[in-house]
Every structure is written in structure tokens, then in C-alpha cells.
Amino acid sequence: MRFRIFRQMRVFLIVWFGQLISLIGSGLTSFALGVWVYQRTESVTQFSLILLSAMLPSILISPVAGALVDRWNRRWCMILSDSGAAITTVAIALLLATESLEIWHLYLAVGISSVCKAFQLPAYTASTSLLVPKEHLARASGMVQSGQACAQLISPLLAGVLMGVVQLQGVILIDFVTFLFAVTTLLLVRFPNAKNAKGSEDEKSSLWREAIEGWTYIAVRPGLLMLLILFALDNFVAGLVEVLLTPLVLSFASVSTLGTIQSLGGAGMLLGSLAMTIWGGGPRRLIRGIFTFDILAHLCILVLGLRASFALFALANFLFFFSIPFINGYCDAILLRKVPPNIQGRVFATLNMICFSCIPLAYIVAGTLAERIFEPLMAADGLLAGSVGKIIGVGPGRGISLLFITMEIFAILVIVAAYRYPRLRFVEDELPDAI
């Protein structure tokens, strides 16, 4: 049985392994460059601009990238994207070797890599339905999630060791080798053609028309549109948590405790990814799996606001990240089954653009909400100190706790209301399989 599954997914497994190695290499460079920038500038603003440069270009170009992915051969799209990222890595290495590397060089290089990612990610995701039988799509999605989890867990730890041994130049060289490995695995395989009779693609249509077709396809299908709205909400909440978890934990614990909690989160994501890969198909209705784990994830964040406790934070963070692979994997599996392969690049690019754009929005509002509204309310002499403060406490960090609780009550109510919407609850029955 296992051998038959391996044979059916052989090409996907080769591609997946190459991308896994490349993800770990990219994570090494990302961590090392972040450390380098902060050590040289001691500026949180400069570090934040690097993060923005890594995200914004990908968001802006995603619709056009998705259209081009559907026009082009997806294997070659991944090869060119990986090659482009490798070239920027070599450029950074050369500038570093000649002692000419400046901060603005990093902004430019990271921005170019972000553009490459805008092509690589939808091409990789959309290729899954071409390489994997539909009964194994959830398993394949779990494997993709496990690759990302491995990179998140391994890269920072490995980069910290390598920085002391081979320094930044050595880390960048290792990253370049991982890019070459990923490209080599892609050159060794062939992908089926994405064209099919079910597609609505007009060969003579303009690139702009194709770019917005991903949004049009989702917008006219209420079930998929509601699923997109829920994912946008999830990404906004995740962005707030990413920014505010650190000051919340440091309000009652040490930096080493924060590191332990974050490491447990990475372990939870890896374990969830492996569980989904082994489990394979998941529940008969994948939409139920999405709602179950989505509710669990939001309850975990709500719990973070109830009490300042290491044990509680460690368990909640572990379960939160454990849920993410199931939510993302089941959603990808539904889309891969229901969206015609010849427009999947556009649909996944649209999904990425809208959902990822919610993360920098959360970055922008997180500080204002915490520092100017919720923290003053929960100060020792704050407006809510005598009421809510008696339940969750007062002082530093308690305002962030109240923000988490308030945000999650709203989010859970939205999720429950969305589940009662028939177009979303029965989306797997109402939309025919495209593969």
C-alpha cells in the first residue's frame, strides 16, 4: 500500500524534497541577514523595512504572477524563480566579499527575491494537482506544510551555529548550494500539461484580464469567497499575535522563556504537518476539519489573554501552531480539487495576495491598539482596572491580553456565523471536482 502511494507521488516527492532543502537554505540566509542588519544598525526600523521588502513586492505583483504562471510551463516557472533567487544570493555574497554591502543593497536583493517568490509559490502549489492523485491531495498538502515547518524550526537553530563557524559568507554559500539542489531536482522530472477542456482560458485574452480572473473565479462562488474572508481574518489575527506575543511574554518572563515558547510553537507546527501527512485524506468533509482546527487555533489565542503562565502559554502556542497545517492543508486540498488546473496559478496568487496583505496591516495597527488603547485601559489606574482587571490582572502586558480576548471573541463569532452559511458549509458538494 505504502509503495503504491510512493509510486503515484514519485515526481511530487522529488520536487518536495528539493524545495524542502531550498526552504531551509533560504531560512538560514534570512536569519543571518536579519542578525547582520540589526548588529550593524541597531535599528528596529531598519530591520522592519527588511521584513517589509520581503513581503510587499510579492503582494503587489501576485495577480500578474499568477496569470503568467498559468500561461507558462510551471516546472520552468519554478526553475526560473529559484534561479533568480539564487542570483540575488550570489550578488549579496560578492558585495559582502568586497566589503561593499550596504543596507539598500539588501532592500533591493530581498525585494527581487520577493518577486521570485510571487511566481514560485503559486507555481509550486498549483503543480500539486498535476502530480498527485486527488485522493492524496490532503496528504501532499500536509507534506508542503511540513516542509515549511521544518524550515521554521531548523533554520534559526542551524543559522545560529553556522554564523559562529562559517560566518555570514559561509551561510550565503550554503543557501546558494540549496538553490542549486532544488533546481537540479526540477530538471530531473517532467510535469503534465495544465491545459484541459474544462478551462475557461481565452488564449487571446489580455494579461490584465487573466490577472483578475483569479479574483473573479472566487468572487462568483460564494463558498470560496467566504473561505477567503475567513483566511484573511486568520492572517490578520496571526499578524497581531506575531507582533504582540513577544512583549506579552516578556511582561512576565525572561527572553529564554520566550525562546522556549516559540520553539514549542515550531515543534507543534512540525508535528501537525507530520500528523496530516501520515493521516492522509482527513475527514470526509474537509470543510469540517478546517472549522474544527480554526476554532481550536482561535481558542488558543484567547487563552493567552486569561493568565500570565509559562505552562499555559507553552501549551496554547504548541496547539495553535499544531492547528495551522490542518487549516492550510485542507483548504489547499479543496481548492486543488475544485479549481481547474489551468487557472490554479491565478486563484492561488489571488488568495496569497489578499491573505498576505492582511499581515502587514496587522503590523501597522498592532502597536497603536496595544499602546494607546488597551494598555492604558488595563494600567493600575486604568478605566477597566476595577472590573476586567480583577479577572485578568492589571499592569504591563494586561492590555495586550485584553486585546487578544476581545479580538478572539469577535473572530470566533465570525467563524461560527460563517459555518452556518450553507454555501460555505456545503462548498465541497456544490462545486464539482475539476480533476
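Read-outs throughout are calculated quantities, based only on the coordinates presented, and are distinct from any laboratory measurement. Worth saying up front: this structure is predicted, and the values here are computed from it rather than measured. Here the Cβ positions follow ideal geometry from the backbone for every residue, glycine too, while neighbour counts run over all protein chains shown.
Using a 10 Å cut-off around each Cβ, can you sort Val347, Val365, Val220, Val249 from fewest to most neighbouring Cβ atoms?
On the way: Val347 27, Val365 13, Val220 9, Val249 24.
Final ranking by Cβ density, sparse to dense: Val220, Val365, Val249, Val347.
Can you tell me the FRET efficiency between Thr246 and Ala91 if r is taken as the Cβ-Cβ distance and R0 is 41 Å, rounded to the nearest 0.05?
FRET efficiency, Thr246 to Ala91: 0.80.
Please list 3J(HN,Hα) in residue order for region 365-371, calculated via the Karplus relation 6.51 cos²θ - 1.76 cosθ + 1.60 where θ = phi - 60°; whole Hz, with x for glycine and proline.
Couplings: 8, 4, x, 5, 4, 6, 7 Hz.
Using the Cα centre of region 1-187 as origin and beta-carbon charges of +1 (Lys, Arg) and -1 (Asp, Glu), tell me which of Ala86, Val11, Leu158 is placed farthest towards the positive end of the dipole.
Val11
Can you sort Ser58, Ser309, Ser100, Ser357 by how many other beta carbons sit within 10 Å, fewest first?
Listing Ser58, Ser309, Ser100, Ser357 from fewest to most nearby Cβ atoms yields Ser100, Ser309, Ser357, Ser58.
Check the chain and count each lysine pair with an alpha-carbon distance under 30 angstrom, considering only pairs eight or more places apart or from different chains.
For the chain, qualifying lysine pairs total 12.
Please build a GNM for the chain, connecting alpha carbons under 10 Å apart, and tell me which residue among Leu384, Leu227, Leu180 fluctuates the most.
Leu384
Taking 0.36 nm per residue of separation and subtracting the Cα-Cα distance, what length does fully extending Val255 through Thr368 add?
Here the segment from Val255 to Thr368 would lengthen by 38.3 nm.
Springs between alpha-carbon pairs under 10 angstrom, Gaussian network model over the chain: which of Lys390, Lys134, Lys117 fluctuates most?
Comparing Lys390, Lys134, Lys117 in the GNM, the peak value goes to Lys390.
Of Phe322, Phe410, Phe356, which has the largest mean-square fluctuation in a 10 Å C-alpha GNM of the chain?
Per the Cα network of the chain with a 10 Å cutoff, Phe410 tops the list.
Test of understanding: given the chain, find the longest segment containing no GluC sites (Glu not before Pro) that are in a DSSP loop and have at most 15 other Cβ atoms within 10 Å.
So the longest stretch without any such site is 204-435.
Applying the Karplus parametrisation 6.51 cos²θ - 1.76 cosθ + 1.60 with θ = phi - 60° to the phi angles of region 222-239, what ³J(HN,Hα) value in whole Hz is obtained for each residue in order, glycine and proline being reported as x?
Each residue of region 222-239 in turn: x, x, 5, 5, 5, 5, 5, 4, 5, 5, 5, 4, 4, 5, 5, 4, 4, x Hz.
If I stretch the segment between Val189 and Leu56 completely, what's the gain in nm (0.36 nm per residue apart, minus their alpha carbon distance), one decimal?
The Val189-Leu56 span can extend by a further 44.7 nm.
So for the chain, averaging the separation of alpha carbon pairs under 8 Å that are six or more residues apart and normalising by length, what relative contact order in percent results?
Relative contact order comes out at 24 percent.
Among Ala238, Leu56, Thr277, flag the residue with its Cα farthest along the positive direction of the charge dipole of the chain, charges on Cβ as +1 for Lys/Arg and -1 for Asp/Glu.
Final value for the positive-end residue is Thr277.
To make sure I understand, if each residue's beta carbon is the centre and we count other beta carbons within 10 Å, what order do Leu306, Leu137 fall in, fewest to most?
Leu306, Leu137
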